[in-house]
Amino acid sequence: MVAVEAARSVVQLKGVDFYYGDFKALEDINLEIRENTVTALIGPSGCGKSTVLRLMNRMHEVMGKTRVKGEVLLDGKDIYADDVDVVSLRSRVGEIFQKPNPFPKSIYDNVAYGPRIQGRKSSDELDGIVEQALKQAALWKEVKNKLKTSAMELSGGQQQRLCIARTLAVEPEIILMDEPCSALDPVATQQIEDTMDSLKKDYTIIIVTHNMQQAARVSEYTGFMLIQETGEPGRLVEYGLTSKIFTMPDRKETENYITGRFG
Amino acid sequence: MAPGVLRHIINRMGRLKTAQKLKENLIGKIILGCGVLSVAVVVLIFAFLLRDAFSLFGSYSPVDFLTGRKWYPISEPPVFGILPLVLGSLLVTVIAILLAIPLGIGTAIYIAEIAPGWLKEILKPLMEIVAAIPSVVLAFIGLTLLAPFIQDLLNLNTGLTALTGGIMLAFMALPTIVSIAEDAINAVPRSYREGSLAMGATRWQTTGRVVVPAAMSGISAAVMLGIGRAIGETMVVLMVTGNAAVMPTSVDSALKPVRTLTGTIAQEMGETVFGSSHYFALFAVGLVLFVITFAVNWIADQILYRYRESE
Ligand SMILES: Nc1ncnc2c1ncn2[C@@H]1O[C@H](COP(=O)(O)OP(=O)(O)OP(=O)(O)O)[C@@H](O)[C@H]1O
Ligand SMILES: [Mg+2]
C-alpha cells in the first residue's frame with residue numbers, strides 16, 4: 001500500500017462543475033487518480049458516476065449541449081484547453097461500456113479497428129497487435145482459431161473482453177469502465193476482474209460499479225458520490241483508500257450506503 | 001359458489017373458445033385465399049404472356065428475335081430484332097444506377113449523420129414528395145428543362161438521349177434509395193458510434209468504417225428497390241430518350257437517342273393490328289422484359305441473402 005500511496009496522479013479533477021443543458025449534474029468535484037491503480041466510483045443511481053467518467057474522455061460532447069467548469073488535468077495538462085485534440089485524447093483515455101458493444105465485424109477486425117484508424121496498416125504489425133491485445137484481455141485462447149468469425153457470435157462475457165482488447169489495441173494510458181460487468185454472469189464477471197487485475201501494472205483503471213463486493217475486490221481507491229436532494233447536483237462525498245472506505249468511512253452517508261441501508 | 005353457477009361459467013367459456021377458434025380459422029382462410037389469389041394472378045399473367053409471345057415464334061425464329069440488330073416492325077416483311085431495345089434499356093438503366101447509387105447513399109448519409117435537426121425535418125418529407133410525383137410529370141420536366149439543357153451543354157443535335165433518360169430515372173430512384181438507406185443508417189445502434197468515437201475515431205471514420213458497414217444490408221436493399229423502380233419505368237424513358245431503335249454500339253451512344261423495351265411496347269401497342277405478328281412481337285418483348293426483371297430481382301435477393309448470412 002505504501003507504494004500505491006506514492007504513485008503519481010495521472011488524472012486530476014479540480015473544482016469541477018458539470019451541466020447537461022441547464023441541469024447541474026455535478027458540483028465541485030475534486031479527485032486525484034493515481035497511476036497504475038484501480039479506482040472505483042460508487043453511489044446511488046443518478047448521482048453522476050457515469051458523468052465523471054465522461055468528463056475524462058470528453059464523451060459528453062457527443063450527447064448535445066453540455067458545459068464544464070473547473071479543471072480536468074491529464075498528466076498535468078487541461079484536457080479542455082483549446083489546443084487539445086479530442087481524437088488523440090480519446091486514444092489515451094479508453095472506455096468500456098456497460099453493454100458490450102463490439103462492432104458487427106470479425107473478431108480480428110474489431111481489435112484491429114483502433115490501430116487501423118491510426119493509420120497502421122501492415123498486416124504483420126496488426127497481427128502482432130491483435131494477438132497481444134487479446135492475450136492481455138485473456139481472450140486469446142478462446143478465439144485464436146476463429147479470429148475471422150463475427151464478434152456477434154461470442155458470448156456476452158467474451159464480447160466484453162473483446163471490447164477490452166479493442167481498447168487495449170490503441171494503447172491508452174487510462175481505461176474507463178462504466179459498470180462493465182452488469183450485463184454478465186458471475187463467471188464472466190470473475191474473468192473480467194482477473195483481467196483488470198493483470199492490466200493494473202500497465203494501465204490506470206477507473207471503474208463505476210453498483211456492486212460493493214466488486215468495488216472492494218478490485219480497487220485500491222474508492223470514491224463515494226451522492227445527491228443530497230432530488231434536483232441537486234451530485235457530489236463526491238468521500239474519497240480515499242478502499243480499505244479505509246469499506247472499514248471505517250469518515251462519513252455517515254458512506255457507511256449507510258456501503259452497508260446497504262439506502263441507495 | 002354453487003356448482004350450477006360454476007358449470008354455467010365453464011360452459012360460457014367453452015362457447016367463447018369455439019367462437020374464437022372459428023374466427024381464427026376464418027381469418028387464416030381469408031389470408032390464405034389472398035395469397036393464393038395473388039400467386040395465381042402472376043402465374044396467369046405469365047401464362048398469357050408466354051402464349052402470345054410463342055405465337056410469334058411459330059413464324060419468326062427466336063434466335064433472330066433475340067440477336068437481331070434491327071427493329072423494323074412495319075416493313076415488309078417485318079424485322080423484329082430486339083437487341084437494340086435490350087441494349088437501350090440496359091444503357092439507360094446503367095446510367096441511372098451509376099448516378100443514383102452514389103448520390104442516394106451520399107444523401108442518406110448526409111441526412112442521417114450530418115444534417116442539423118431542422119434540415120432533416122425539411123429534407124425527409126421533401127424526399128417523400130418527390131417520390132409521389134407521377135412519372136409523367138417528371139418526364140415532362142425532363143423533356144422541357146433537362147433535355148434542352150443537355151442539348152446546349154454538350155452541343156448535341158437533340159437533348160433526347162440515353163443520358164437524359166438515365167438522369168431522370170436516377171432522379172426517380174433517389175427518394176426510394178435515400179429514405180430506405182437513411183432508415184437503415186438510423187437503425188444502427190448508438191453504442192456502435194460511441195464505441196468508435198471513444199477509441200479516438202473521428203466522426204468520418206466512425207461513419208465510414210462502422211455505421212455504413214453496419215447498415216449495409218439495409219442500404220443494399222434500398223439500392224435494389226430503387227433500381228427495381230427504374231428498370232420497369234416506362235413513361236420517362238418513352239418521353240425523354242428519343243425513341244430511336246438504333247444499336248448503342250459505344251460509350252458515346254449515351255449521348256444519342258435510344259429506345260427501350262418498355263418504351264417500345266408503350267409506343268407501338270396502340271398502333272398494331274390485334275393478332276398480327278407485330279402484336280405478338282410486342283408480347284415477346286414483354287416476355288423478355290419480364291424475364292430480365294425477374295432475373296434482376298432474383299440476383300438482388302441472392303446478394304441480400306448472402307450479405308445477411310455473412311453478417
Ligand atoms: N445526456 C443527458 N442529458 C441530460 N441529463 C443527463 C444526461 N445523462 C445523465 N443526465 C443526468 O445527470 C445525472 C447524472 O447521471 P449519470 O448517468 O452520470 O448517473 P450515474 O451515477 O451514472 O447513474 P447510474 O448508476 O444509474 O448509471 C442524472 O440526474 C441524469 O438524469
Ligand atoms: Mg451510469
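The values are calculated or read from the model by the stated rules, or taken from the named source; none is laboratory data. Model, not experiment: these values are computed from the prediction. Glycine also receives a Cβ, built like all others from the backbone with ideal geometry; neighbour counts cover every protein chain displayed.
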Legend entry - Meets criteria (within 14 Å of ligand 1 (Cβ to nearest atom), under 16 Å from the mean Cα position of the chain (by Cα), hydrophobic (A, V, I, L, M, F, W, C) and within 14 Å of another protein chain (Cβ to nearest Cβ)) for A:Leu176: yes
Legend entry - Search result, residues across segment B:104-122 that are surrounded by fewer than 17 Cβ atoms within 10 Å (Cβ to Cβ) and not in a loop (DSSP other than H, G, I, E, B): B:Gly106, B:Tyr110, B:Ile114, B:Gly117, B:Trp118, B:Leu119, B:Lys120, B:Glu121, B:Ile122
Legend entry - All positions within segment A:1-60 that are within 12 Å of ligand 1 (Cβ to nearest atom), within 14 Å of chain B (Cβ to nearest Cβ) and either surrounded by fewer than 18 Cβ atoms within 10 Å (Cβ to Cβ) or touching a residue at least 12 places away in the same chain (Cβ under 8 Å) (or both): A:Ser50, A:Leu53, A:Leu55, A:Met59, A:His60
Inset, instruction - Scan segment A:61-78 residue by residue and report those that are among the hydrophobic types (A, V, I, L, M, F, W, C) and loosely packed, with under 12 Cβ neighbours inside 10 Å. - result: A:Met63
Inset, instruction - Identify all residues within segment B:249-273 that are farther than 23 Å from B:Gly286 by Cα, surrounded by fewer than 16 Cβ atoms within 10 Å (Cβ to Cβ) and not β-branched (Val, Ile, Thr); write none if there are none. - result: B:Ser250, B:Asp252
Legend entry - First in segment A:197-208 and within 16 Å of ligand 2 (Cβ to nearest atom), second anywhere and among the charged types (D, E, K, R) and part of a loop (DSSP other than H, G, I, E, B), Cβ under 8 Å, 6 or more apart: A:Val208/A:Glu179
Legend entry - Subset of segment A:101-115 (residues that are of a type outside the set (S, T, N, Q) and either surrounded by fewer than 18 Cβ atoms within 10 Å (Cβ to Cβ) or more than 9 Å from every other protein chain (Cβ to nearest Cβ) (or both)): A:Ile107, A:Tyr108, A:Asp109, A:Val111, A:Ala112, A:Pro115
Legend entry - Scan of segment A:6-53 for residues that are hydrophobic (A, V, I, L, M, F, W, C), over 22 Å from A:Asn256 (Cα atoms) and part of a loop (DSSP other than H, G, I, E, B), ordered by number: A:Ala7
Inset, instruction - Select, from A:Ser182, A:Ser198, A:Ser155, A:Ser219, the only residue that is hydroxyl-bearing (Ser, Thr, Tyr) and either crowded, with 19+ Cβ neighbours inside 10 Å or modelled with pLDDT of 95 or more (or both). - result: A:Ser219
Inset, instruction - Determine whether segment A:69-76 contains at least one residue that is touching a residue at least 40 places away in the same chain (Cβ under 8 Å), within 14 Å of another protein chain (Cβ to nearest Cβ) and not aromatic (Phe, Trp, Tyr). - result: yes
Inset, instruction - Identify the residue in segment B:269-288 that is at pLDDT below 90 and within 20 Å of B:Val236 (Cβ to Cβ) and, among all such residues, is nearest to the chain's Cα centre (by Cα). - result: B:Met269
Legend entry - Candidates B:Leu32, B:Leu44, B:Leu22, B:Leu50, filtered to the one that is touching a Leu at 6+ places or on another chain (Cβ under 7 Å) and surrounded by 10 or more Cβ atoms within 10 Å (Cβ to Cβ): B:Leu50
Legend entry - Pair list, Cβ under 9 Å, 6 or more apart: segment B:130-143 residue touching a residue at least 24 places away in the same chain (Cβ under 8 Å), other residue among the acidic types (Asp, Glu): B:Ser135/B:Glu233
Legend entry - Scope segment B:55-69; condition under 28 Å from the mean Cα position of the chain (by Cα) and in a loop (DSSP other than H, G, I, E, B); matching residues: B:Gly68, B:Arg69
Legend entry - Pick from segment A:31-65, criterion closer than 11 Å to A:Asp178 by Cβ and of a type in the set (Val, Ile, Thr), ranking: farthest from ligand 2 (Cβ to nearest atom): A:Val52
Inset, instruction - Being within 10 Å of another protein chain (Cβ to nearest Cβ) and either small (Gly, Ala, Ser) or over 19 Å from A:Ile174 (Cα atoms) (or both) is the filter; apply it to segment A:79-100 and report the residue that is surrounded by the most Cβ atoms within 10 Å (Cβ to Cβ). - result: A:Gly94
Legend entry - Unmet criterion (only one of (1) over 24 Å from B:Val212 (Cα atoms); (2) touching a residue at least 40 places away in the same chain (Cβ under 8 Å); (3) in a helix (DSSP H, G or I)) for B:Ile101: (1)
Inset, instruction - Six or more apart or on different chains, Cβ under 8 Å: which pairs go from a residue in segment B:151-170 that's touching a residue at least 12 places away in the same chain (Cβ under 8 Å) and farther than 9 Å from B:Val240 by Cβ to one that's crowded, with 23+ Cβ neighbours inside 10 Å and polar (S, T, N, Q)? Could you list them? - result: B:Ala162/B:Thr241; B:Gly166/B:Thr93; B:Leu169/B:Thr93
Legend entry - Selection from segment A:208-249 of residues that are closer than 23 Å to A:Thr189 by Cβ and within 12 Å of ligand 1 (Cβ to nearest atom): A:Val208, A:Thr209, A:His210, A:Asn211, A:Gly223, A:Phe224, A:Met225
Inset, instruction - Tell me the helices (runs of 4 or more DSSP H) entirely within segment B:149-229 that contain at least 3 residues that are crowded, with 21+ Cβ neighbours inside 10 Å and within 9 Å of chain A (Cβ to nearest Cβ). - result: B:190-198
Inset, instruction - Identify, from the list A:Ala137, A:Ala81, the residue that is farther than 27 Å from A:Ala188 by Cβ and modelled with pLDDT under 95. - result: A:Ala81
Inset, instruction - Out of the residues in segment A:121-152 that are of a type in the set (Asp, Glu) and within 25 Å of the chain's Cα centre (by Cα), state the one that is farthest from the other protein chains (Cβ to nearest Cβ). - result: A:Glu142
